[in-house]
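Dropping the structure in here first, questions after.
The values are calculated or read from the model by the stated rules, or taken from the named source; none is laboratory data. Model, not experiment: these values are computed from the prediction. Heads up, the Cβs are rebuilt from the backbone with ideal geometry, glycines too, and the neighbour counts pull from every protein chain shown.
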Amino acid sequence: MSIRLKVALPFLILTVVVSVIGVYVVTRLVTGSLSERLTNQLLESGRVVLDNFVQQEGQHVQEAFRIVYTNGLADAVTEEDHQAALRIAEPAFGSGTIDNLILVSPQGKEVLQLLHDSGGNIIVVDKDTGASKSPIVTPFLQNQNPEDPPRRAMGNNLVNNELYYYTALPMSVDGEFKGVIIVGTSIKRLLPAFKQVALSDIIIYGGDGHAIATTFGLMGDDSLDTLSITQDQYRNIINTTEDIVTGVNIEVAGHPYIVGRAPLQIGNDRIAVFAVALPSDFVVQFGSDSRTTYVVIFTILMLLVVVIGYFVSRMIIVPLYSLVNTSQAIAGGDLTRRTGLKTKDEIGALASTFDEMTSRLQERTLQLEQTNEELKKIDKTKTNFIQISAHELRTPLTLIMGYSQMLEQDLKSNPEMQNLAHGILEGAERMTDVVDSMLDVSRIDSNALVLRKTNVSVEPIIRKVEKEFNTAFQERNIKFNTEGLEELPSVTADPDMLQKVFYHLVMNAIKYTPDGGNIKVSGRYVNGSEPPQLEISVCDTGVGVDPEMSELIFRKFHQTGEVLLHSSGKTKFKGGGPGLGLAIARGIVQAHGGRVWVESPGHDEEKFPGSRFVVALPAQNRKESES
């Protein structure tokens, strides 16, 4: 039997059975019109409570504007005149519908607070209750913007420890910010009124999930604890995108209720979580016969699932575990590991193919390791050859240069012979440059580059490089400019090695820039990284670099374009060379802990898009460098 049938057939049968039973249970025993009505009523009650809070918000805004625009009140608050504010605001507060009024000056001082007690009398609060530091007030004081929208919150007043629903707005006259007004209504007065409209009991939860207000008429904190939820439940509800979460059952005073909870959102502010509760004891209860039927049916189904699942796991999962373990061992480097599975189904075919693939991978890996060792030996031999050849060439070159200089001095009376001696000297000097480059490459490859670091400035180094190429600039009519080098802080580096870096970069720019072009060296201090960096750029108006070659050109002996078409002079357009300059530059920069890269739109020997070589070196902070 194939694995497809092993997996599909039992669960196909099981799915058909569960579907038939599920249709019977859902259509005949579970779904009832009374339950649906109860859920719909719960949703509607939740919407009514939300609408009433929104309407109360509108009353808050109207009352706030009415009080703010009372003649002289805004100026009294701005001047923090408690007596004047009390004289003006008290009549307006007494004739309104709000229970709490707080006025805060633009400087953040609580100028006035008024309360209605249970008898409707006005209480003047003579102390600072910290309302100006409330999260719904501080943004107004910080922004000082009279156009800011209202902010809402649910909280206890520290004077009478009673829960209020608050709205805070900026006070403004003629577009000028005059302070903050906070109006509040007692939740103790709101909830009974909302209950009459919503036809359901209401619960308000605090930020920790504790029930802080309800219409159930419970007394004391212990009674409220029975209605509370966990803090995680509170967070899940306050962040939900649903209008109301239904289906929770609780028991209050021995009576069952179904509860729907939702975030209390007014405008853009979610200030609390509320719940509406309806009695559920009028829903028709399922008969004892039906409950017994459910228990028997689902018990049998559970046993069938367990038995079938066990045998399926034995037939499929155990071989798969073997495959997984083998693949993990191979991934860890054990290429001698095999699955050993010999079954005749698809898993057996997969295991056989996997073992064959592993065998081939083991063979290829051995071949690659052998090839890699051979390449390392070849590379080592090449490096040794370069180093030995360079050392062997240095001595005869020194002799040639010495004798050429002597001949040049002795043949001053014979200009023609003197020119020949000068040509020999120039050739020997160029050959010496190649030998020095080969030695630098061998030191970089063997990690034998010695750096003598000190605090140096980049600008004098660039000036030395410019001086070396003055003759080439004049012959080729190339303009050389610098920018921002004088402002750069010092860097800890080997000055001679840095000079080599920019020598090779500038020479590279000269070689690939046509006559009459421009070369610019610019620098900037980059403080966005740790440690800070100096970025020195060498920009030219030359043939550019193909983006695909942006890494290859930094490899030793690599040259751009057709090498046989290069000219013989090292500073001529497309001049020749061994292809070591950029490799040496990158090796020296990396030895300093920096990096070098090239930016160019592409290679074009007609439009000359140019290229930009960037050297980034770790630098000191400007303050440390100046000290």
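Listed here are the residues, each with its yes/no results for (1) surrounded by 16 or more Cβ atoms within 10 Å (Cβ to Cβ); (2) within 18 Å of LYS556 (Cβ to Cβ); (3) aromatic (Phe, Trp, Tyr); (4) modelled with pLDDT under 75.
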site	(1), (2), (3), (4)
GLY423	no, no, no, no
ALA428	yes, no, no, yes
SER437	yes, yes, no, yes
ARG452	no, no, no, no
ASN455	no, no, no, no
VAL458	yes, no, no, no
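Here is a check on your reading of the model: is GLU426 assigned to a helix (DSSP H, G or I), assigned by TED's automatic domain parsing to the domain that holds LYS572 and among the acidic types (Asp, Glu)?
On the way: assigned to a helix (DSSP H, G or I): yes; assigned by TED's automatic domain parsing to the domain that holds LYS572: no; among the acidic types (Asp, Glu): yes.
The answer is no for GLU426.
List the strands (runs of 3 or more DSSP E) inside region 91-182, counting only whole elements, that have at least 2 residues being β-branched (Val, Ile, Thr).
Answer list for region 91-182: 100-104, 122-124, 162-173.
Quick check: anything in region 92-103 within 37 Å of the chain's Cα centre (by Cα), surrounded by fewer than 16 Cβ atoms within 10 Å (Cβ to Cβ) and over 24 Å from GLY207 (Cβ atoms)?
Within region 92-103, the subset within 37 Å of the chain's Cα centre (by Cα) is none.
Scanning region 92-103, I find no residue that is within 37 Å of the chain's Cα centre (by Cα), surrounded by fewer than 16 Cβ atoms within 10 Å (Cβ to Cβ) and over 24 Å from GLY207 (Cβ atoms), so the answer is no.
Still on this structure: Pairs, please: C-beta under 6 Å, at least 6 apart or cross-chain, first residue closer than 14 Å to ASP174 by Cβ and in region 61-76, second at pLDDT below 90 and surrounded by fewer than 21 Cβ atoms within 10 Å (Cβ to Cβ)?
ALA74/VAL173
For region 460-494, what are the residues that are closer than 19 Å to ASP436 by Cβ and surrounded by fewer than 18 Cβ atoms within 10 Å (Cβ to Cβ)?
If the condition is that a residue be closer than 19 Å to ASP436 by Cβ and surrounded by fewer than 18 Cβ atoms within 10 Å (Cβ to Cβ), then LYS464, LYS467, GLU468 are the ones that fit.
Still on this structure, please answer the following. What's the number of the only condition in (1) closer than 29 Å to LEU617 by Cα; (2) at pLDDT 75 or above; (3) in contact with a helix residue (DSSP H, G or I) (Cβ under 8 Å, 6 or more places away or on another chain); (4) polar (S, T, N, Q) that GLN418 fails to meet?
The failed condition is (1).
Just one of the numbered conditions (1) of a type in the set (Lys, Arg); (2) closer than 24 Å to PRO514 by Cα; (3) modelled with pLDDT under 90 is not true of ARG612; which one?
(3)
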